[in-house]
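The values are calculated or read from the model by the stated rules, or taken from the named source; none is laboratory data. Note that the coordinates shown come from a computational prediction; the quantities given were computed from them, not determined experimentally. When we count neighbours, we look across all protein chains shown, and the Cβ atoms used for this are built from the backbone with ideal geometry, even at glycine. What goes into the accessible areas is simple: the full protein's heavy atoms, side chains included, and nothing from ligands, DNA or RNA. Shrake-Rupley method; radii C 1.70, N 1.55, O 1.52, S 1.80 Å.
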Amino acid sequence: MRLYLIRHAVAEPRETWTSDDSSRPLTRKGVRSAQRVASALGRMGLDPGVVITSPYVRCAQTADILAEALGSPGLVDHDDRLEPGFGPRALADVLSGRQGQDEVVLVGHEPDMSDVVAALTGGSRVDFKKGAVARIDLYALDPPAGLLAWLAPPSVLAP
């Protein structure tokens, strides 16, 4: 399985946001960046069986933009386990029942995405920018383990 981990794009600043953090949306810049990254992933041939996202607004918006760019808005599945605090232990549960899918996308938060990459690939630390994408080629699902194929910030995917 090819697992794509995506950190949500740029959201409204936490310091100035007065509502619940879970409702913090993408900025205009974040929307444009997510659209460019999604378009680049589409050109690369990404064809996931599902896009699983944190229910937080900024992640859901990022996931929706990706699914729309891929021409499959029905791909998005909101999963509370991807809320902040998601980690390697929850990954096996999230992926259970998805063994037949060649490509799965997860959209989440930091430091969660970095922690999952580290756990799957033997402890490497990565700099997971907002809107970045990592592809992990999983060779085991329970417990999950894989190889980091690539990690790209939005500036590389969509300059």
### Message
Against the empirical 2.2 N^0.38 Å scaling, what ratio does the C-alpha Rg of segment 41-97 come to?
### Response
1.15
### Message
Placing unit charges on C-beta atoms (Lys and Arg positive, Asp and Glu negative, everything else neutral), compute the dipole magnitude of segment 52-135 about its Cα centre in debye, rounded to 20.
### Response
240 debye
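If you place +1 on the Cβ of every Lys and Arg and -1 on the Cβ of every Asp and Glu, how big does the dipole about the Cα centre of the chain come out, in debye to the nearest 20?
640 debye
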### Task
With a Förster radius of 25 Å, plug the Cβ-Cβ distance of Asp142 and Met44 into 1/(1 + (r/R0)^6) and report the FRET value to the nearest 0.05.
0.35
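Semi-axes of the equivalent ellipsoid for segment 80-148, please: Cα gyration tensor eigenvalues, times 5, square-rooted, ordered largest first, whole Å.
Rounded to whole Å, the semi-axes are 17, 14, 12.
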### Message
Leaving out ligands and nucleic acids, and using a 1.4 Å probe, what accessible area per residue does segment 3-159 come to in Å²?
### Response
48 Å²
### Message
Averaging the inverse of every distinct alpha carbon separation and then flipping it gives the Kirkwood radius. What is it for the chain, in angstrom units?
### Response
15.3 Å
### Query
For the peptides 149-156, 138-145, what is the packing order when you average, over each peptide's residues, the other Cβ atoms within 10 Å and list the highest mean first?
149-156, 138-145
### Task
Take the solvent-accessible surface of the protein heavy atoms, probe 1.4 Å, and return the percent of it on the chain that carbon and sulfur atoms account for.
47 percent
### Lys/Arg +1, Asp/Glu -1 at C-beta; segment 107-148 dipole; positive extreme among Gly122, Val107, Val133
Val133
### Message
Please give the Cα centre distance for segment 1-52 versus segment 74-136, rounded to the nearest Å.
### Response
13 Å
